[in-house]
1. Here are some pairs, 48/252; 219/251; 64/171; which of them have Cα atoms lying more than 26 Å apart in this structure?
2. Can you list the lysines whose alpha carbon is less than 23 Å from that of residue 137, not counting same-chain residues fewer than 8 positions off?
3. To the nearest 10 Å², what's residue 194's accessible area with a 1.4 Å probe?
4. By Kyte-Doolittle mean hydropathy of at least 0.0 and Cα axial length of at least 27 Å, which whole DSSP H helices of the chain are selected?
5. How far, in nm, would the chain grow between residue 255 and residue 89 when pulled straight, counting 0.36 nm per residue and subtracting the alpha carbon separation?
6. Hey, if we sort 224, 107 by accessible area with the 1.4 Å probe, largest down, what's the order?
7. Might you tell me the accessible area per residue for the chain, computed with a 1.4 Å probe and given in Å²?
8. Using Cα pairs closer than 8 Å and at least 6 residues apart in sequence, work out the relative contact order for the chain, in percent.
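The values are calculated or read from the model by the stated rules, or taken from the named source; none is laboratory data. All figures in this text were calculated on a predicted structure; none of them were measured in a lab. Neighbour counts run over all protein chains shown; Cβ positions are idealised from the backbone, glycine included. Surface areas here come from the heavy atoms of the whole protein model, side chains and all, with no ligands, DNA or RNA. Shrake-Rupley method; radii C 1.70, N 1.55, O 1.52, S 1.80 Å.
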Amino acid sequence: MVTVSRATRYRFGTQQLSWNRVDYRQKKGLIDAIMELFPHSEHRFCVKHFCNNFKASHKGLMLKQLLWGAAKSTTKQGFTQFMERLRIESEAAYLWLADKDHLHWSRAFFKYTALCDMLCNNMCEAFNSVILQARDKPVITLIEMIMVYLMKRLVTKRAAAEKWHHQISPKVMKFVERIKMDSSNCSPEYSGNYVYQAKENGGKQFVVNIEQKSCACNKWQLIRIPCIHGMAALLTSNRDPVDFIDNKYKKKTFL
């Protein structure tokens, strides 16, 4: 009789998969197997499920809010501030959270390669919901059903993109317009060499480099869309913000 570890079974079952996001549901063997199979990929936890595990032993609205604050922070300084506040509220909750690698659940430590700052696995849940009929089929049939679904979806999305009135998608355009409005709360000062110092009404200041498409708040680098500080600098310098948005959001990428 041969004893097979849980991690080995997970590894065998996922050898043909390429996952980027893993739900932190106390499945240590699955997490280890995925990281072994895809050591060069970024692995993120779904913070919603992560928070549910946290609440099982550390209850209270304040603790939950501090966890989410640390997860949503895009700077290491902001992350540290929320963690210190958590330590003051509950040492046990702080130790539970500090034991979990922050690279997987806080925006402050996410890599820039994914161009995504999502904290929940909504995309995975949505995809799973549309392949329900295929999931109990033999492997070849399952793959063919998913292939046909993706083929039809790509055609539909491409047809929709042809009707866009702007260079970027309508949803991204609405997002950009909202950032423009919020950027009115920032006062950028030019310091030379495409660098600005953007000061928020609340007093916080961030260094923006429009040539490098970067901001000290880290949001611009995470999703490649100008943050409110970058937007304020671009509008002050009479530049078109669309020119500073990554090509993945643009019409030519979808066609």
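1. Numbers: 48/252 34 Å; 219/251 23 Å; 64/171 30 Å.
Long pairs (Cα-Cα over 26 Å): 48/252; 64/171.
2. In chain and number order, the partners are 152.
3. The accessible area of residue 194 comes to roughly 100 Å².
4. Helices passing the filter in the chain: 139-161.
5. Values: separation 166, 0.36 × 166 = 59.76 nm, distance 5.17 nm.
Gain on stretching residue 255 to residue 89: 54.6 nm.
6. On the way: 224 80, 107 50 Å².
If we order 224, 107 from most to least accessible, we get 224, 107.
7. Values: 15930 Å² over 255 residues.
Here the per-residue accessible area is 62 Å².
8. Normalised by residue count, the contact order of the chain is 14 percent.
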